[in-house]
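What follows draws every value from the coordinates through simple rules; no lab data is involved. Worth saying up front: this structure is predicted, and the values here are computed from it rather than measured. Backbone-built Cβ (ideal geometry, glycine too); neighbour counts: all protein chains shown.
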């Protein structure tokens with residue numbers, strides 16, 4: 001595909017890196033000459049220096065021949081205008097825009113892709129809020145990913161001492177679960193390295209285990225890998241009253257006891273007027289005395305969601321030291337996240353990785369129903385739909401063990417209608433099945449998606 005990416009920030013660079021390895025012709029536009037130079041040294045792409053919303057710059061970047069435009073600059077207005085120009089002047093077929101401001105997302109014209117200059121609008125804030133909300137719902141989970149509209153979930157947990165399955169082979173998992181429950185271990189990362197899960201693979205302490213199961217069976221599987229959380233999550237303290245903090249509080253209040261800590265008095269007053277049941281505090285999230293006064297040691301989860309990575313890291317580490325059992329920090333820099341996650345900070349949330357997955361689901365060739373970027377972009381989990389019939393598809397009518405998938409790929413299960421079928425050797429792929437695949441090396445993703453394309457007769 002000919003792909004035009006507007007914005008060479010962290011999201012734009014991540015999208016370029018993900019798509020450049022899949023034989024696409026990519027051009028990136030940005031006003032920062034040095035940023036483009038650094039990107040071009042790492043990737044086989046073309047770069048254009050200029051303002052992304054100017055017709056002359058878009059023309060120079062090849063908008064007339066582009067099949068896809070991805071507008072991810074730091075300005076909503078630039079992203080919208082660029083999509084409008086690409087639509088009306090250059091007839092670019094698909095136009096994806098990242099929009100931060102909720103007012104834009106509520107515009108009726110953006111909700112009907114037939115008449116809209118934007119084919120798909122992505123809101124990083126909304127995506128992060130949903131991501132954190134799912135994590136709060138499952139104490140002990142590192143990631144919770146929805147597939148097939150939530151009928152199946154892929155959950156990552158760290159195996160700890162005391163878990164019933166720790167020190168035992170994966171094949172024993174099924175016998176430990178309640179009657180009618182089933183799950184599939186899709187991937188294991190041990191000391192940062194991938195371990196392909198086989199029946200005889202033994203789960204070790206500190207393994208990061210990804211498993212697929214129905215939503216109702218998730219707690220039972222988690223209990224096999226960790227000591228059961230005796231106390232349910234009730235009290236949540238959110239540091240940072242920006243869009244993410246405010247919207248998360250709004251989503252949680254009514255189900256949890258929520259407090260929001262905001263440094264700006266004016267912003268705190270605005271948030272307090274917007275929230276119904278949450279308590280809003282004015283103060284610095286790194287203030288030890290304030291955290292003590294708010295009984296941080298009796299808080300079930302602390303979420304550091306300011307727009308400052310350093311402040312989030314320090315306040316989350318402080319909250320942990322003061323007795324909070326579970327802390328989460330929003331961290332934009334991938335290098336920071338890798339350093340702190342799993343040590344004094346339980347979960348590091350990367351907005352770029354959350355956003356990247358949503359973008360890839362809309363723009364990757366083959367249009368998988370769902371894509372999640374995992375392990376700082378090294379691995380991916382995808383939901384692909386089996387299209388066609390036995391003559392036009394490489395997968396329909398075949399058992400899972402017959403599929404020609406790369407070594408790094410593991411099928412977790414198939415969602416057929418309302419039912420999740422955990423991947424076993426006797427499961428046969430049928431038309432319109434939603435197949436959930438974990439790929440530990442994302443460079444092999446084109447080989448995976450190629451298997452599910454319906455095309456000319458294969459038999």
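What the table shows:
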read-out: Spatial separation of Cα centroids for the stretch 151-184 and the stretch 197-225, in angstrom; value: 4
read-out: Highest average packing first - 46-56, 351-361, Cβ atoms within 10 Å; value: 351-361, 46-56
read-out: Computed [θ] at 222 nm, deg cm²/dmol, the chain (DSSP H ≥ 4; -39,500 (n - 2.57); rounded to nearest 500); value: -8500 deg cm²/dmol
read-out: If the convex hull is drawn through the Cα atoms of the stretch 2-122, its volume per residue in Å³; value: 86
read-out: Exposure proxy ranking, count of Cβ atoms within 10 Å, fewest first, for 261, 1; value: 1, 261
read-out: Histogram of C-alpha separations across the chain, 20 Å bin width, %; value: 23, 54, 22, 0
read-out: Whole-Å semi-axes of the ellipsoid equivalent to the stretch 235-349 (Cα gyration tensor, √5λ, descending); value: 21, 15, 13
